[in-house]
Each structure stands twice: as structure tokens, then as C-alpha cells.
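Note sheet for the following structure.
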Amino acid sequence: MTIHTPPMGWNTWNTFAKDINEDLILRSADVLVETGLAAAEYKYVVVDDCWSLRERDKNGHLVADPEKFPHGMKYLADELHRRGLKFGMYSCSGALTCAEYPGSLNREYLDARTFARWGVDLLKYDYCFRPQSPDGETLFRRMGLALANSGRDILFSGCSWGADDTPKWIGTTGAGMWRSTPDIFDSFDSIKDLIKRQYGILPYGGVGCFNDMDMLVVGMHGKGNVGLKGCTDDEYRLHFAAWCLLASPLMIGCDVRNMDETTYAILTNKPLLAISQDTRGNRPYIRRFFDCDDLPIVVRILGNGDVALGLFNMTEGNANFWVPADDLGVPVFSGKKLVGEEVYTGKTIESRNGVLLDKVPPHACAVYRLRVVNAK
Ligand code: GLA
């Protein structure tokens, strides 16, 4: 199956790490459905690391920890499917997972079959504890092929953190998304770092194999496994907008059972989700305002001819952005201009004499969906 839009869902790792169990996952799944997050397309429920026993059974099969998952993984899959959701699981290309549970090295075909039997729809595949040989790309191709022969359509979510020139080979593995970054943490420094890491690799993402900037920390507020100090709401808005504009998968990482209203509003922002999920699948591009890495301007031409424009201020002072409409594809004397609304505030903008002007406070963003209209 070709993946046409960035996959969306919820993943256990950011908040819960090893403290996962069937109740938590099904309760969170209920919340996805009850709150409308599932209707907004957050469909994958991904059980990350720490779900299995430390040893395989005598036939070499992975075994779900019976204390955490008393009814087993097939039951969990059935329950998620019954709610209209999809089931994601986690394994690793090395001998161990990153949290030192059994990995899939040399058991790729067996494990792919097991996941297929359980009803898994997505496999996140990590990069810890690998041998030097075969190398990572060979191991990822192996699992990609094993999944393709598992008898079930399973989205391969490669998680090699961009290491070992991942972008050069990930498209050969069958992956539908690829982690382009080290792990995210719930701090503005981490968000900023992950955004800046995209500058050189955008051409490697897009329809077929999306460039994954890691799970969202929106709404974590310093709680959980990757909690750190947390972010302000403006910083979370910037984070979410960047992931949407840059066509990253959107995997919620907060505790959805205890989400506040602002978190919910960010995660369900309609104009941003429309940009994220734009089916034309044009790639975004980035210009750095005045060559400053901390002032990226992200642009994406949308399927209906609109232009998404993100002005990101990752500096400590105000930023007075100006963007020539010419740079966005609208020359001054074309008889056209750009008009639009900001996605979070509804504030309007319009190009005057061929220039768009906006002032953005520190650690904040302004994202416009612009229409090309007649100038008069
Ligand atoms: C790696 C991955 C994370 C998470 C952990 C689990 O660090 O990058 O996303 O899956 O492993 O141990």
C-alpha cells in the first residue's frame, strides 16, 4: 500500500515508556474515539518498546508480557479494530530493543508472521543493538521484505534516527515513514534542533515514505518519560505547525486521558491538519530568513493552488518577517496577489506591492493558508 499522507495516531513511548498495559491502551483508545481525535484521523495506536517478556518462548516466538497484556496482543488488536482504530507495534533490527527486550535480528520472518497473525497494522522498527554485519540497510530491507510476505498489509515505520545515511537507502526498504532525527524531548531546544535537522533532507520525504520528525510532545507539560522541562503553549503551537507543514507523521505523545483544552485545540487545528494531509503531496521547502537558521520560512504549494506559508521565530527576540510574493510564485505585475488567514488566530494577511509583512514574537509562529487572487 502506498502511503499518501503522513500517518497519524498516538504512541505510548513519550509519556509511559515501560509503564504500559492493556487497560491504559484501551482507555486511551476510547479517549481518541470519544473526543473526536480518531475522527480527525489520529487512527494508529502504537504500542512502543517494553511490551514483551525478556525471553522468547521455546519455539522462538515473541511473547507479550502477560501481566501487562493479560488477554494477549490479538485481543488488543481486535479491540482497537472494533473501535475503528489501527494497531501499531514495535520491534528492533538488533538483538535487543533499545530498552533491552528481545529484538528481531535473524527472526524477521517469524516475527513478521507473528505480527500479521496478531492483526498489527504498523511496525515501528528501531536501530539499537545491531551487529556490524549485516549493516542497518540490509537489516531494514530484510524486515521490509518479511512484512511484505507476512500475509498482512503492515506499514513499516523505520526508526534509524537518520543514522548511516538513512535517507539514501530508506526508500529501498519498503518503509512508509522514516525517522529522520534523534529522539524528541519535551523542551523547546529539542523541537528547534529537530526542525533544523530537516533543512538538508526535505527532498527525501514525501508520498510513499514520509520523513518522521518523531512523536509529538504537544501537551506533555514536562510530564512523562521524555518530559524534561516542558514547553509553553506557543512553543507547542510552533512545534505542531512545523510537523504539519513539513509533512511529518503526527503521533501524539501526551497522556490523552488528561489533555487540557489548549492541547486538544492544537492537535485538532483544522487548517493545519488540512495542510498536513493535503493529498496532492507536494513537498515543503524552506528558506532561512536573512540566512538565519533560527528563522525558517516553510512553504508548501497545496493541491487546490493555495500556498501554505509558515513563519517560524525560534530566536529570543521579535522577528519582523517580510516575504516577497515573488518568492512564493506570484510576481508583482502578474495582476495577482496573495490573501489568507492565520491558522491559529484567524488574523488576515495580504500582499501589498508584492510583499507580505508580519511580526512574530519569540518562540512562536504564524502560519497562513494563502489564496492567489486577482489584485483588483
Ligand atoms: C529509541 C526510539 C524511541 C523509542 C525508544 C524505545 O530511542 O528512537 O522512539 O522507541 O527507542 O526504547
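Which is closer than 16 Å to Pro7 by Cβ, of a type in the set (Ser, Thr, Tyr) and in the same structural domain as Asp19 (by TED's automatic domain parsing), of Ser133, Ser190, Ser150, Ser180? None of the other options fit; the residue is Ser180. Of the residues making up region 1-21, those that are open to solvent by 10 Å² or more (accessible area, probe 1.4 Å) and over 21 Å from Ala175 (Cβ atoms) are Thr15, Phe16, Ala17, Lys18, Asp19, Asn21. For region 330-350, taking the residues that are touching a residue at least 40 places away in the same chain (Cβ under 8 Å) and closer than 29 Å to Ser187 by Cα, the one that is surrounded by the most Cβ atoms within 10 Å (Cβ to Cβ) is identified as Val343.
Could you list all residues from region 95-131 that are among the polar types (S, T, N, Q), open to solvent by less than 40 Å² (accessible area, probe 1.4 Å) and away from the ligand (no atom under 15 Å from the Cβ)? Can you show your working first?
At the first step, the residues of region 95-131 found to be among the polar types (S, T, N, Q) are 97, 104, 106, 114.
Filter again for open to solvent by less than 40 Å² (accessible area, probe 1.4 Å), leaving 97, 104, 114.
Hit for region 95-131 is Thr114, nothing else.
Among the residues of region 275-312, those that are in contact with a Cys (Cβ under 9 Å, 6 or more places away or on another chain), surrounded by 18 or more Cβ atoms within 10 Å (Cβ to Cβ) and within 19 Å of His4 (Cα to Cα) comprise Ile275, Ser276, Ala308.
Take Tyr109 and tell me if it is closer than 20 Å to Asn14 by Cα and outside any loop (DSSP other than H, G, I, E, B). Against the criterion (closer than 20 Å to Asn14 by Cα and outside any loop (DSSP other than H, G, I, E, B)), Tyr109 does not qualify.
Quick one: how many residues across region 219-235 are among the hydrophobic types (A, V, I, L, M, F, W, C) and either open to solvent by 20 Å² or more (accessible area, probe 1.4 Å) or away from the ligand (no atom under 16 Å from the Cβ) (or both)?
From region 219-235, those among the hydrophobic types (A, V, I, L, M, F, W, C) are 220, 226, 228, 231; that's our starting set.
Of the ones still in play, those that are also either open to solvent by 20 Å² or more (accessible area, probe 1.4 Å) or away from the ligand (no atom under 16 Å from the Cβ) (or both) are 228, 231.
Looking only at that region, the number is 2.
On the stretch given as region 162-213, residues that are assigned to a loop (DSSP other than H, G, I, E, B), among the charged types (D, E, K, R) and within 30 Å of Glu316 (Cα to Cα) total 3. In this entry, Lys43 passes the filter for residues that are out of contact with any Phe, Trp or Tyr (no Cβ under 8 Å at 6 or more places or on another chain) and closer than 21 Å to Leu216 by Cβ. Being of a type in the set (D, E, K, R) and open to solvent by less than 60 Å² (accessible area, probe 1.4 Å) is the filter; apply it to region 351-375 and report the residue that is nearest to the chain's Cα centre (by Cα). Looking at the filtered set, the residue picked out is Arg369. One residue stands out among those in region 127-186 that are among the small types (Gly, Ala, Ser) and closer than 16 Å to Thr97 by Cα: the one that is farthest from the chain's Cα centre (by Cα), which is Gly136.
Test Asp153 against the criterion of being open to solvent by 10 Å² or more (accessible area, probe 1.4 Å), in contact (Cβ under 8 Å) with a residue 60 or more places away in the chain and more than 12 Å from the ligand (Cβ to nearest atom), and give yes or no. For Asp153, the condition - open to solvent by 10 Å² or more (accessible area, probe 1.4 Å), in contact (Cβ under 8 Å) with a residue 60 or more places away in the chain and more than 12 Å from the ligand (Cβ to nearest atom) - is met. Within region 19-77, the set of residues being among the basic types (Lys, Arg) and either more than 16 Å from the ligand (Cβ to nearest atom) or in contact with a helix residue (DSSP H, G or I) (Cβ under 8 Å, 6 or more places away or on another chain) (or both) comprises Arg27, Lys43, Arg56, Lys58, Lys68, Lys74.
Looking only at region 137-148, residues that are surrounded by 20 or more Cβ atoms within 10 Å (Cβ to Cβ) and more than 10 Å from Glu108 (Cα to Cα) come to 0 in all.
What number of residues within region 318-327 are out of contact with any Gly (no Cβ under 7 Å at 6 or more places or on another chain) and open to solvent by 30 Å² or more (accessible area, probe 1.4 Å)?
Going through region 318-327, the residues out of contact with any Gly (no Cβ under 7 Å at 6 or more places or on another chain) turn out to be 318-323, 327.
Okay, now just the ones that are also open to solvent by 30 Å² or more (accessible area, probe 1.4 Å), so 318, 320, 322, 327.
Number satisfying all stated conditions: 4.
A count restricted to region 173-215 and to residues that are touching a residue at least 40 places away in the same chain (Cβ under 8 Å), within 12 Å of the ligand (Cβ to nearest atom) and open to solvent by less than 20 Å² (accessible area, probe 1.4 Å) stands at 3.
The values are calculated or read from the model by the stated rules, or taken from the named source; none is laboratory data. Note that the structure is a prediction, hence the values are computed from the model and not measured. Neighbour counts run over all protein chains shown; Cβ positions are idealised from the backbone, glycine included. When the accessible area is computed, the model is the full protein with side chains, heavy atoms only, and any ligands, DNA or RNA have been set aside. Shrake-Rupley method; radii C 1.70, N 1.55, O 1.52, S 1.80 Å.
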